[in-house]
1. Give me Val58, Val97, Val71 ranked fewest to most by other Cβ atoms within 10 Å of their Cβ, as a rough exposure proxy.
2. Enumerate the calculated ³J(HN,Hα) couplings along region 39-50 in order (Karplus 6.51 cos²θ - 1.76 cosθ + 1.60, θ = phi - 60°), each rounded to whole Hz, writing x wherever the residue is Gly or Pro.
3. Going by how many other beta carbons lie within 10 Å of each one, how would you line up Phe83, Phe12, Phe74, fewest first?
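Readers should treat all values here as calculations from the given coordinates under stated rules, not as data from a laboratory. Since this is a predicted model, take the numbers as computed values, not measurements. Don't worry about glycine lacking a Cβ; one is built from the backbone with ideal geometry, like all the others, and counts go over all protein chains shown.
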Amino acid sequence: MMFSSSRPMGHFSGPQVKMASMTLATIQMQLERQKMMPVSAETYLDILNRLLEPLAIVQGPMGLRTWLSEVQYFMTLMKQRSFSGRPLMPRERQVLVWYSARWRELRGGPCDMGRPEAQIVLIALGELARF
């Protein structure tokens, strides 16, 4: 359900915000569960991918900041994993490269990725895949 809303950030109806709030609660529970498990890049990125739109709808511009914090936390987990001698699997490398490239291509709507800090984080994800 990536970028399904045609409305700009902050212009959502009550039912849309309510649905996004329920979706956000579900995804945040999944994220917290994932944080307690050994890190799997593919699973974690799937959750991050589904997290952004509900965050943008519910929290407005602050949603991107919250999302970037979660991405940075994920990057920390991946670096710890790499430095502890557990390198990324080929599939995980592929997913990291695809994820960072795809998000850099997408702009506009409730999930505008044109902000410089978002670009820096996503470029860093691509770099992380090279470790």
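1. Val97, Val58, Val71
2. Here the 3J(HN,Hα) series is 5, 10, 4, 5, 5, 5, 5, 4, 5, 4, 4, 6 Hz.
3. Going from least to most buried by this count: Phe83, Phe12, Phe74.
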